[in-house]
1. Lysines near Lys437 by alpha-carbon distance under 21 Å, same-chain residues fewer than 8 away left out - which ones?
2. Placing +1 at every Lys and Arg Cβ and -1 at every Asp and Glu Cβ, with all other atoms neutral, what dipole size does region 365-455 have around its Cα centre, in debye to the nearest 20?
3. Heavy-atom accessible area of Thr148 with all protein chains present, probe 1.4 Å, nearest 10 Å²?
4. Glu436 versus Ser307, label points 7 Å from Cα toward the beta carbon: distance in nm?
5. Rounding to the nearest 10 and keeping the result within 0 to 90°, find how far the Cα-based axis of helix 418-429 lies from the longest principal axis of the chain.
6. Across region 279-294, in residue order, what do the Karplus-derived ³J(HN,Hα) couplings come to in whole Hz, using 6.51 cos²θ - 1.76 cosθ + 1.60 with θ = phi - 60° and x for Gly and Pro?
7. Hey, any idea what Rg/Rh is for region 281-405, computing Rh the Kirkwood way over Cα pairs?
8. Can you pull the percent of the chain's accessible area that's carbon plus sulfur, 1.4 Å probe, other chains left in place?
Amino acid sequence: PEDTVTSSFASFIHAARPEQLSPIVRHRSKRMILDSLGVGLLGSTTRVFDIALRYCRLYSSVAVSSVYGKPGVKLSPTLAAFTNGVATHSMDFDDTWHPATHPSGAVLPALLAASQMLPPNTKPNGLDFLLAFNVGLEVQGRLMHFSTEAHDIPKRFHPPSVVGTLGSAAAAAKLLSLSSAQCLHALGIAASLAGAPMANAATQAKPLHVGNATRLGLEAALLAARGMEANPLILDDIPGCSSFSAFYSVYQPKPLPVPGGHHEFLLEKQDIAFKRFPAHLGMHWVVDAALSVRNLFINYAGSFSPSLIRTIMLKIPVSKYINRPFPSSEHQARHSFQFNACAALLDGEVGLASFSESSIQRPELRELLDKVVVEHPEDNMANFDKMYGEVALLLHSGDVLTGKCDTFYGHWRKPLSKESLLKKFRSNASHVLPEEKIEAIITLVDNLEDLSDSSQL
């Protein structure tokens, strides 16, 4: 049937045109691309990335697609997408949208790999690349709006492993110029490749969720291009038979209008959150609250003296997988309200070094963790658009000092400045690239619309 939710998504993917990207959408998506590249380059220095790369190099294949941070190393397109996706999420440093997912990491590596895969005379230009990237974002955003469950911090499935896989399929289908029917089947195939449980959060397996999303979405598009078919109603609500609704307890799909002269992309209405330090997004609220109360404490006592503190009270939303009183690994620490609040109190900042084993195991940090008590106020919702972080220091003197954050710097309501975003990118990329290449990437992304061959990225 032509008038179904699934067919409307396929028609959108096929019909979207570069001129429908508004200036603000181009601006915001280029910021996302630059940030994601920097995060991926930094992630290429991690242990989990090395594990993924060693695995992928077991396979002999047509090695045409580049790997973050490894000059001269190339893999097959799908394995390059997988490896670079793992790098992007290896430190939980990648961007976050609302409803909650990590949109760029699920799409960008697939597009980079596919760009290098295509023959020289069919290479997509920069504007085609930018359009495909935004198509992938749009599909993710629309799918998340089908369920109220998706608006909250997830409990069952890790969102990029679900909507990210279909977003990658949509982006790759657009870049590869698939027909409307092929786009439809790519979404259906991707749905059979999607989904990862939240129980693997805070482990080395979590970055695989993004690596698999970008790889499997690309595979879905390549399979559809070669004639594979899937359920043409995969996004529709089918009574008595789970479709994409299998991933959400409440599912109310709506058609995606075929773009006419103008299409308002979701990115125009909803900006992205960029992280200032490599940890779960929820940590950014408690860190800013902790830094605020730390300044009050220093004004009060003249210096930060943990011995004066009787209790550290955290007021946070209910979310089991990021409520970790005593993390023992870097991945657990990146998902611990308690750890990030105490690290910020002790050091006056949270950064890359905060998650090293030596930092995590410090006795003085453990002493602070022993003082933490958690409360879950009813008005503090497990929702990245509505939650807040509050850190109160109850002193032995009886005095109470409180810091609160309802919108951290980098949130979509309080976006990073151009200077802050460039500083983050340069810092991340400098771990693997010389300065001249870093500046060249900045220039390429800034002028992406004018790039004649996007594989130059």
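1. Straight-line reach from Lys437, under 21 Å: Lys30, Lys70, Lys74, Lys418, Lys423, Lys424.
2. It comes to approximately 200 debye.
3. Approximately 90 Å² for this residue.
4. 5.6 nm
5. 80 degrees
6. Whole-Hz 3J(HN,Hα) from phi for region 279-294: 7, 3, 4, x, 5, 5, 6, 6, 5, 5, 5, 5, 5, 5, 6, 4.
7. Taking Rg over the Kirkwood Rh, I get 0.94.
8. 52 percent
The values are calculated or read from the model by the stated rules, or taken from the named source; none is laboratory data. Predicted model, so just to flag it, every value in this text is computed and none were measured. Cβ sites come from the backbone with ideal geometry, for glycine too, and all protein chains shown count toward neighbours. Ligands, DNA and RNA are excluded from the accessible area calculation, which covers all protein heavy atoms including side chains. Shrake-Rupley method; radii C 1.70, N 1.55, O 1.52, S 1.80 Å.
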